[in-house]
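Data first, discussion second: the structure below is written as C-alpha cells.
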Amino acid sequence: MKKHWLETILKELHSEAYHWSRQCCSFDDDRAKDVLQLVYLKILEGKAVYKEKSQVKTWLFSVIRFTAYEEIKKEGKNSSLDQLPDMAYEDDPPENDSHEALLQALPDRQKEVLLMVFYHDMTLEQCAEVMNLHIGTIRTHYDRGKKKLKEWIEKTRIEK
Amino acid sequence: MRNETDKELQSFFDQLKENDREIQIPAFPEPAKQSSINWWIPIGIAASLTLGFFLLPQNKKDLNPPAEVIIITLEKDENNNQQILIEEKTYLETWESPTSSLLTEY
C-alpha cells in the first residue's frame, strides 16, 4: 500500500525531480538521467527510505542532491562541492549570459537555495532539510545568492 | 511579502522555467509489475504431484483368488513306491493361515 502510494507520488514529482537532478548536475542532461535512475534504484532497493519525517518532495530532492554529488565525486571532477569556499568565485558575471550560465557561476550552495526557492517553490526550512544545514546558514546563502545574481542580471542587461 | 529584488529574480527563474519546457523529460521508469501471488510455486507443486502420480509403481493386487487350485503331491504307498497324486480343490479349501504352524508346533 505504502509502496504504491510512494510510486504514485514519485510519478507526479518525476518532471520536477528531473529538473532538480539536472540542476544538481551542472545542467548536464545525460548525467541528470543517470542520477535520477540511480535515485529510483536506491528507492526500489530500499537503500533510500522515506520515513515520513518530511515531505516526499523534500526527501526526494535530498536523495537526488546526495546522489548527484556522489556521482560527481566518483568522476573526480570535484572533490566535494560542499567544501568549495564561496570566496573562490568571481564577482564578474560569466561571459555566457544565459540563465544557466549565470546560475552555474554562483557558488553551489547559493545556486541550490535560489533554485529551490524560486524555481521549485520551496521554503527556506525545506531547503535546510534538503541540504542538511542550519536554517541560519541557508538564509546567509539565500541573501548572498540573491544579491550576486541580481547584480549579474543588471550588469548583463546594461551590457546588452 | 517579496520585495523588488525577489520579483526580479522570480522573473529570471520564470524565464528559466519557460526555457526548460523545451527539454525532453525521460519517461518515468515503470517497475515490472509483480503479481501478489507467485504462481510458480503452486504450478510447481501441481506438476510434482502429477509426475509423482504417473511414476508411482502400480501395485494393484488381484483381489479375486483363483477359483480352483491343482495340488500335486508325491506320496509313498503301502509298498513303499512313490506315486504322484493330483488333486483339484477350491482356493478356500487350500488356504492355510500363515501362523498355523505356531498352533501345531507349540
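The values are calculated or read from the model by the stated rules, or taken from the named source; none is laboratory data. None of these values were measured; they are calculated from a predicted model. Please note: Cβ atoms are built from the backbone with ideal geometry, for glycine as well, and neighbour counts cover all protein chains shown.
Pick from A:Asp143, A:Asp121: which is assigned to a helix (DSSP H, G or I) and surrounded by fewer than 18 Cβ atoms within 10 Å (Cβ to Cβ)?
On the way: A:Asp121 fails: assigned to a helix (DSSP H, G or I).
Sole residue among the options that is assigned to a helix (DSSP H, G or I) and surrounded by fewer than 18 Cβ atoms within 10 Å (Cβ to Cβ): A:Asp143.
Applying the criterion of being part of a loop (DSSP other than H, G, I, E, B) and farther than 17 Å from A:Glu100 by Cβ to the residues of region B:1-28, the residue that is farthest from the other protein chains (Cβ to nearest Cβ) is B:Met1.
Among the candidates A:His19, A:His4, which residue alone is farther than 23 Å from B:Arg21 by Cβ and within 11 Å of chain B (Cβ to nearest Cβ)?
Selected residue: A:His4, the only one of A:His19, A:His4 that is farther than 23 Å from B:Arg21 by Cβ and within 11 Å of chain B (Cβ to nearest Cβ).
May I ask you to verify whether A:Lys57 is in contact with a Pro (Cβ under 7 Å, 6 or more places away or on another chain) and surrounded by 15 or more Cβ atoms within 10 Å (Cβ to Cβ)? Steps first, please.
On the way: in contact with a Pro (Cβ under 7 Å, 6 or more places away or on another chain): no; surrounded by 15 or more Cβ atoms within 10 Å (Cβ to Cβ): yes.
No, not satisfied.
Checked against (1) closer than 15 Å to B:Leu16 by Cβ; (2) touching a residue at least 60 places away in the same chain (Cβ under 8 Å); (3) more than 12 Å from every other protein chain (Cβ to nearest Cβ), A:Ala105 passes all but condition (2).
Taken together, the residues in region B:78-103 that are over 24 Å from B:Glu68 (Cα atoms) and assigned to a strand (DSSP E or B) amount to 1.
For the subset of region A:37-57 comprising residues that are of a type in the set (Val, Ile, Thr) and within 13 Å of chain B (Cβ to nearest Cβ), which member is farthest from A:Lys3 (Cα to Cα)? The qualifying residue farthest from A:Lys3 (Cα to Cα) is A:Val39. Would you confirm, using the coordinates I've provided, whether A:Ala32 is touching a Ser or Thr at 6+ places or on another chain (Cβ under 7 Å) and either modelled with pLDDT of 95 or more or of a type in the set (A, V, I, L, M) (or both)? For A:Ala32, the condition - touching a Ser or Thr at 6+ places or on another chain (Cβ under 7 Å) and either modelled with pLDDT of 95 or more or of a type in the set (A, V, I, L, M) (or both) - is met.
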